[in-house]
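Data block below; observations after.
The values are calculated or read from the model by the stated rules, or taken from the named source; none is laboratory data. What you see is a predicted model; the values in this text were computed from it and never measured. Positions of Cβ are backbone-derived with ideal geometry, glycine not excepted, and every protein chain shown enters the neighbour counts.
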Amino acid sequence: MELFDAYNLFNITPVKASGCYVWDSEGKKYLDLYGGHAVISIGHTHPHYVSLISEQLKKIGFYSNSIVNPLQQELADKLGNLSGYPDYKLFLCNSGAEANENAVKLASFVTGRKRVISYQKGFHGRTSATVALTDNPKIVAPFNETENAVILPMDEIGLTEKELKTGTIAAVIIEGIQGIGGINIPDQHFLEELSELTKKYGALLILDEIQSGYGRSGKFFAHQYTSVIPDIITMAKGMGNGFPVGGIMIQPGIKPWKGMLGTTFGGNHLACAAAIAVLDVLKDEDLVNNASRTGSYIIRKVKEIAPGIQVRGRGLMIGLEFTFPVKEMREQLLFHNQIFTGFSGQNIIRLLPPLCLSENEAGIFLNAFGKML
Ligand SMILES: Cc1ncc(COP(=O)(O)O)c(C=O)c1O
């Protein structure tokens, strides 16, 4: 059987990884400033992560959500404390799209309303509800089209208020920092007004922190640069450092009923072991602060080296916008300098490295980048 050929591939076969580095099948070593699409948070194959998952696998890897799994509570306690939301409730699932799908469903259940607002250049996933809320018609199949998704310009509060006033909006969903859209940070006042207005008109505020969360922005969640307290926060990517784990954090006023949400695999023993290991390492190695420090260093240095380009971002979620397509530059970085980077659209390079990236490792990129200009 052949693989369904839906991805653009680089002809590189990673076989080994450690920290911020990946090795291919020919033994070539690459600096990973992409983190497998913002997924690697604590670094590849961290010993504590490997040990917790391996030890768990020897005991029990999986059972369904019909039994008591104390690892789920351990994860919820550690996550509540580290994120600053100890009184929120945790629902575990398997991916970013599934987290957003559940968040939207929950908001619709709670409010009894059907319509959801999202923003232009936003990305929330590829499942039915999440792709309808994603501003990219190319990935929306006819079946996914729905008038219940209202996609508005970000940072223009008047347009959002006009929709909220109709009393038909169940939720507003917004990324902490837009990732795929090109590293766009929502205006702080816009976000704070949005939080007020959702309360005023009885809608829920969902913060999609799937890419910007788990320390990537230099705070645990990117919205924590503002005074906003969302009703629901969605997470995935860095949560499992590569193990498929997603989750939603739900404000304590929202009450569940039996059977309201569900999943077969979500919150299984192995997934919890992976997610617990990630939180342990984030805390013990102070990686959220490291992301803040190393990210500020990269942004400062890039501005010195290349004053002509636009640099956006926070922590280790950085976009470099050029006035020309970056395809060639990314290929040169990858094939000549052995540095993985990401992209957005034609003209933006995205840096999403593991949160343990050191200044020295950042310097390898800065050096290569400087020579290329
Ligand atoms: C902000 C955001 N939300 C949702 C998703 C969807 O996550 P997943 O691919 O795990 O379904 C992504 C993935 O890139 C994302 O960046």
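In the stretch 190-231, the residue that is nearest to residue 351 (Cα to Cα) out of those that are aromatic (Phe, Trp, Tyr) and either surrounded by 23 or more Cβ atoms within 10 Å (Cβ to Cβ) or not assigned by TED's automatic domain parsing to the domain that holds residue 76 (or both) is 214. Which of the numbered conditions does residue 257 fail, given that it passes all the others? Conditions: (1) over 30 Å from residue 23 (Cβ atoms); (2) in contact (Cβ under 8 Å) with a residue 40 or more places away in the chain. With (1) over 30 Å from residue 23 (Cβ atoms); (2) in contact (Cβ under 8 Å) with a residue 40 or more places away in the chain applied to residue 257, the lone miss is (2).
Within the stretch 127-172, being touching a Phe, Trp or Tyr at 6+ places or on another chain (Cβ under 8 Å), within 16 Å of the ligand (Cβ to nearest atom) and among the β-branched types (Val, Ile, Thr) holds for 134, 151. Of all the listed residues (60, 67), the sole one being in the same structural domain as residue 174 (by TED's automatic domain parsing), without any contact (Cβ under 8 Å) to a residue 12 or more places away in the chain and of a type in the set (A, V, I, L, M, F, W, C) is 67.
Filter the stretch 209-232 for residues that are free of Cβ contacts under 8 Å to residues at least 60 places away in the same chain and part of a helix (DSSP H, G or I) and give the result. Matches in the stretch 209-232: 223 only.
Has the stretch 311-324 got any residue that is surrounded by fewer than 14 Cβ atoms within 10 Å (Cβ to Cβ) and touching a residue at least 12 places away in the same chain (Cβ under 8 Å)? The answer is yes, given that some residue of the stretch 311-324 is surrounded by fewer than 14 Cβ atoms within 10 Å (Cβ to Cβ) and touching a residue at least 12 places away in the same chain (Cβ under 8 Å). Residue count for the stretch 233-254 under the criterion of being in a loop (DSSP other than H, G, I, E, B) and either buried (at least 24 other Cβ atoms within 10 Å of the Cβ) or under 11 Å from the mean Cα position of the chain (by Cα) (or both): the result is 3. Taking first residues from the stretch 197-208 that are farther than 14 Å from residue 162 by Cα and partners that are β-branched (Val, Ile, Thr), the Cβ contacts under 6 Å between residues at least 6 apart in sequence or on separate chains come to 205/172; 205/198; 206/173; 206/232; 207/233; 208/173; 208/234.
Matching residues to (1) within 16 Å of the ligand (Cβ to nearest atom); (2) of a type in the set (A, V, I, L, M, F, W, C); (3) on the phi > 0 side of the Ramachandran plot:
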site	(1), (2), (3)
177	yes, yes, no
180	yes, yes, no
189	no, no, no
202	no, no, yes
215	yes, no, yes
218	no, no, yes
238	yes, no, no
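Considering only the stretch 262-280, I want to know if a residue exists there that is under 30 Å from residue 368 (Cβ atoms) and in the same structural domain as residue 77 (by TED's automatic domain parsing). Yes, the stretch 262-280 contains at least one residue that is under 30 Å from residue 368 (Cβ atoms) and in the same structural domain as residue 77 (by TED's automatic domain parsing).
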